[in-house]
Each structure stands twice: as C-alpha cells, then as structure tokens.
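Working notes, beginning with the structure itself.
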2 protein chains.
Amino acid sequence: MADTEGIAAWLRRGTLEYCVLALLARGTRYGVELVRDLAADPALTATEGTLYPLLSRLRRTGWVETTWRESPTGPPRRYYSLTEDGKRALDRFRHEWVAFRDAVDRVMGIDSR
Amino acid sequence: MADTEGIAAWLRRGTLEYCVLALLARGTRYGVELVRDLAADPALTATEGTLYPLLSRLRRTGWVETTWRESPTGPPRRYYSLTEDGKRALDRFRHEWVAFRDAVDRVMGIDSR
C-alpha cells in the first residue's frame with residue numbers, strides 16, 4: 001500500500017499531462033517556461049526529466065504540436081502549442097475531473113473551500 | 001496515453017482505499033453496505049470484486065480491523081472498522097488531497113464550485 005507521499009506522487013502522475021495541456025491552452029510555451037510554471041505549484045512540480053518525455057508523448061498522441069523559434073539570447077527554442085484534439089482531450093478531462101473531485105470531497109466530508 | 005475513461009478509472013483506483021477509510025470513519029460497516037455506499041456515487045462506484053481484495057489489503061496494512069456479528073437474516077457478517085493507524089492514514093490523505101485538488105483546480109482555471 002502506498003504511503004501518503006506515494007499517493008500524492010501517483011495522483012500527480014495521472015493528472016500532469018492534463019495540467020500541461022491546461023497551461024498550453026493559455027498560450028504557446030517552450031519547455032523551460034512549462035517547467036517554471038509547474039514548479040510554481042509545489043503540489044504539481046515536475047522536473048525536466050519528467051516533462052520532456054511527457055511532451056514527446058503528447059506530441060505523438062497529436063494533442064500538442066511544436067514549432068522552432070529564434071531566441072533573443074541563445075539557440076532556437078522549441079515551442080509547444082495545443083492542437084484541436086488536445087483541446088478536446090482537455091475539455092473531457094476537465095469534465096471528468098470536476099465529477100471525480102466532487103465525489104471524493106463528498107466521501108471525505110469536505111464541503112467547500 | 002489513457003483516454004478519459006481510463007483517467008477516471010485510474011484516479012478512482014488511487015483514491016478508492018481512502019474513500020473506504022472515510023466511509024468507515026463514519027461508522028462500522030459490513031462489505032455489502034460499503035459496496036452500496038460507494039455505488040451511490042457514479043464517480044466512485046466499485047464492484048465487490050474490487051472492494052474485497054482492497055479490504056483485505058487494508059486489514060493486512062493494519063488500517064482496518066474486522067469483527068464477526070450475528071445477522072438478523074442470514075449467516076454472520078464480517079464488520080469492518082477503522083484502526084488508529086487507519087485514522088491517521090485518512091487524515092494524511094485528506095491533507096494531501098486538498099492541496100492536490102486545489103492545485104489542479106488552479107491550473108485548470110476552475111475557481112470554485
């Protein structure tokens with residue numbers, strides 16, 4: 001049985017790809033920006049070692065597409081943006097998430113925030 | 001990559017044991033009562049085939065203990081109740097859950113219910 005640390009990591013692992021889609025829904029980003037945005041929240045924090053394989057998977061799935069752009073300060077950067085399929089996947093997840101979250105809150109006896 | 005059905009099932013799998021602990025925190029129950037309480041919520045619904053192995057695991061972990069009681073209508077029933085360790089595990093999960101849930105809500109742009 002996983003301890004609480006394990007549970008938090010496990011929940012994070014299952015939702016991280018959708019959190020990345022949600023960040024990209026706000027606008028195109030490059031990898032380092034995504035790591036920084038995710039690191040801003042201790043409950044979601046992801047290392048580059050986790051994020052880059054995840055971005056590759058999202059690209060193969062067709063939920064994310066990439067373009068190279070010049071950088072003002074160094075080598076070109078690979079920018080990630082959401083595809084139409086990615087937007088649909090995010091909408092489905094959002095819907096499922098709210099239902100699941102509310103169900104867990106109800107069982108846990110957590111009424112509101 | 002898991003589809004949305006997969007994601008919902010996956011989230012459920014990781015939290016189900018804590019949902020069972022939360023139900024037992026409200027009072028001692030026997031297996032059929034737990035299945036019925038969980039089935040009341042479509043986002044959490046668990047079959048007996050899922051629940052009984054989970055209850056055995058919780059018992060081996062020492063989070064749940066059992067007693068046999070006479071039933072008015074048939075064979076004796078095995079009742080499950082929370083141990084002190086189980087209460088602590090539930091408290092830890094509740095704490096982690098709120099932090100995780102709020103983080104996902106923030107990234108998803110879901111402010112309140």
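The values are calculated or read from the model by the stated rules, or taken from the named source; none is laboratory data. Worth saying up front: this structure is predicted, and the values here are computed from it rather than measured. Reconstructed Cβ throughout: ideal geometry from the backbone, glycine too, with neighbour counts over all protein chains shown.
Do we find that residue A:99 is within 22 Å of residue B:98 (Cα to Cα), aliphatic (A, V, I, L, M), at the interface with chain B (Cβ under 10 Å from one of its Cβ atoms) and surrounded by fewer than 19 Cβ atoms within 10 Å (Cβ to Cβ) in this structure?
yes
Just a yes or no: is a residue in segment A:22-29 under 29 Å from residue B:61 (Cα atoms), facing chain B (nearest Cβ under 8 Å) and in a helix (DSSP H, G or I)?
Taking every residue of segment A:22-29 in turn, none turns out to be under 29 Å from residue B:61 (Cα atoms), facing chain B (nearest Cβ under 8 Å) and in a helix (DSSP H, G or I).
Here is a yes/no grid of residues against (1) within 16 Å of residue B:105 (Cβ to Cβ); (2) facing another protein chain (nearest Cβ under 10 Å); (3) part of a helix (DSSP H, G or I); (4) among the hydrophobic types (A, V, I, L, M, F, W, C):
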site: A:15; (1), (2), (3), (4): yes, yes, yes, no
site: A:35; (1), (2), (3), (4): no, no, yes, yes
site: A:50; (1), (2), (3), (4): no, no, yes, no
site: A:56; (1), (2), (3), (4): no, no, yes, no
site: A:60; (1), (2), (3), (4): no, yes, yes, no
site: A:65; (1), (2), (3), (4): no, no, no, no
site: A:80; (1), (2), (3), (4): no, no, no, no
site: A:103; (1), (2), (3), (4): yes, yes, yes, yes
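Listed residues B:64, B:35; which is in contact with a Gly (Cβ under 6 Å, 6 or more places away or on another chain) and surrounded by 17 or more Cβ atoms within 10 Å (Cβ to Cβ)?
The match here is B:64.
Do we find a residue being more than 20 Å from the chain's Cα centre (by Cα), of a type in the set (Asp, Glu) and exposed (fewer than 14 other Cβ atoms within 10 Å of the Cβ) anywhere in segment A:70-84?
yes
Condition check: acidic (Asp, Glu), within 30 Å of residue A:88 (Cα to Cα) and within 11 Å of chain A (Cβ to nearest Cβ). Does residue B:41 satisfy that?
So residue B:41 passes the test.
Residue A:39 - would you say it is touching a Ser or Thr at 6+ places or on another chain (Cβ under 6 Å), modelled with pLDDT under 90 and not hydroxyl-bearing (Ser, Thr, Tyr)?
It is true that residue A:39 is touching a Ser or Thr at 6+ places or on another chain (Cβ under 6 Å), modelled with pLDDT under 90 and not hydroxyl-bearing (Ser, Thr, Tyr).
Mind counting the residues in segment A:37-48 that are without any contact (Cβ under 8 Å) to a residue 12 or more places away in the chain, part of a loop (DSSP other than H, G, I, E, B) and small (Gly, Ala, Ser)?
Looking only at that region, the number is 1.
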